[in-house]
Amino acid sequence: MVQLTEITDQTESLKISEGPSPPPAVGPSPPPPPPQQEQQPAKPQDAPPPTAQPAPRATPGLAEPIAPGPAFPGPELPPQLARSAGKSAEEIMADLNKSPLFMTELEENDDIAALQALAYEGTPLENASDFKERGNECFREKRWRDAVEFYGRGIQVLTQEERRRAAGGKPREGDAEGDSEDEVARQRAAAEALHVNRAACQLELRNYRSCWLDCASALRLNPRNVKAWYRSARALLAVGKVEEADDACAGGLSVDADNAALRAVGREIVAKAEEQARKVEAENRRRYEEHRRAAVLQAALRARGVKVRRTARPPDMGDARLEFLEDAEDEAGGTLSFPAVLLYPAHLESDFIKAFSERESPMQHFGYVFPLPWDKEGEYSAGNVECFMETATGGLVKVGKKVQLLKVLSLDSVEVVDGVVRIYVVPRAKAATWVQEFKAAKEKEKARAS
């Protein structure tokens, strides 16, 4: 079988042989073989058609040998390059991004993040400093969330060191500085900077509580950190915690009395405090006026003998309500005004009157209510209807169309339910029948209740 063997020496060319070529000798050349007896030439045979050989791979060191037989192994690739063999540029970049040394984007998988942190070589301070630099890069690009993650990982590294020291653990092998005073001081300074930087990101993201918590952590490490005082004041002011913001601002000014940023936020705090004081004063006045009006209304109802009953589920009347309209020139001091409903039980319709004065009669409202748009037969007119109101015991009282409302409401048998006056309006021809039906329905209700 025809074999193709590649000769590495450039002076040689591609040779065709009927058998496998022996591997090149290593070391001194062997002695020539003894002469052999002459053999009869073999009968020439037609050479088989050449077979298509697969193209060698582009990555050196991974191509399979074309010629069978023993061969000396070539130099191997480093493990990292061997794992990248055959991958596209995008895949290689994705692999590099998984290393904390090269990462430019963060993965959301917490397990992967933990493995990255564990795989990151160096002392805890070096690791935290590298995470800080990555966070600073994201901060400059206004990638606040990524910056928060990088700063957080740096804080986690240093927090683990604090816990290890508190538990009496030994420093990592190979850490020359170990737990020396200088190394511990540098770690705490780095943790302070990481907390302050993360607080700045949280302030941009409007995560105000996270912001002032980071500032508090930084101030526990260094009470003279002006940036922590400033950002804490900003975050507290943003959520309306004026007193706490004022305390934070005062703390920063006690360290640096001439700090322009702190003085500016101090002026904002004063303005916010004045605004809140005005709002509180206005709310107090509103509540006082509300209580006063309620007291005046109750006094007016008692003086007129009007009885009011509240139910567990009053109807939603919007801005319409029972109220006492004060008038200094009025002998009675003012008038009662009721929301009222005109009910048309014969046709299951109704009209709502927002303000029905105690001194008004039904006839005064009929003038603009009638004619009714759905009254095709013309049954409803001011002179062709009768009015009724329900009593507290479930009966009916007839209401004169020209009688003032107060005269009816002051009767002992009548009450106003949920502050709404209800008047039944029935065509005169149907009034007697409707009254009988109403009484029969009430009797059935009482029977079921008993």
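The values are calculated or read from the model by the stated rules, or taken from the named source; none is laboratory data. Not measured: the values here are computed from a predicted model. Glycine gets a Cβ as well: all are built from the backbone with ideal geometry, and neighbour counts include every protein chain shown.
Answer with yes or no whether LYS407 is touching a residue at least 40 places away in the same chain (Cβ under 8 Å), surrounded by 12 or more Cβ atoms within 10 Å (Cβ to Cβ) and either over 19 Å from ASP351 (Cα atoms) or within 57 Å of the chain's Cα centre (by Cα) (or both). Break it down into steps so the answer makes sense when it comes.
Details: touching a residue at least 40 places away in the same chain (Cβ under 8 Å): no; surrounded by 12 or more Cβ atoms within 10 Å (Cβ to Cβ): yes; either over 19 Å from ASP351 (Cα atoms) or within 57 Å of the chain's Cα centre (by Cα) (or both): yes.
For LYS407, the condition - touching a residue at least 40 places away in the same chain (Cβ under 8 Å), surrounded by 12 or more Cβ atoms within 10 Å (Cβ to Cβ) and either over 19 Å from ASP351 (Cα atoms) or within 57 Å of the chain's Cα centre (by Cα) (or both) - is not met.
Counting just the residues of region 362-386 that are among the small types (Gly, Ala, Ser) and part of a loop (DSSP other than H, G, I, E, B), which one comes out surrounded by the most Cβ atoms within 10 Å (Cβ to Cβ)? The residue in question is ALA382. Residues that are touching a Gly at 6+ places or on another chain (Cβ under 6 Å) and loosely packed, with under 15 Cβ neighbours inside 10 Å do not occur anywhere in region 424-444. Tell me whether region 194-215 contains one or more residues that are farther than 30 Å from LYS272 by Cα and in the same structural domain as GLY122 (by TED's automatic domain parsing). Yes - at least one qualifying residue is present in region 194-215. Among the residues of region 275-299, the ones that are surrounded by 11 or more Cβ atoms within 10 Å (Cβ to Cβ) and under 30 Å from LYS241 (Cβ atoms) come to 3 in all. Put simply, of LYS241, LYS170 the only residue that is buried (at least 16 other Cβ atoms within 10 Å of the Cβ) and not aliphatic (A, V, I, L, M) is LYS241.
Only helices (runs of 4 or more DSSP H) whose full extent lies in region 101-206 are considered here, and the ones with at least 3 residues that are at pLDDT below 90 and not hydrophobic (A, V, I, L, M, F, W, C) are 110-119. When ALA167, ALA260, ALA190 are checked against the criterion of being within 27 Å of ARG140 (Cα to Cα), free of Cβ contacts under 8 Å to residues at least 24 places away in the same chain and over 23 Å from the mean Cα position of the chain (by Cα), ALA260 stands alone in meeting it.
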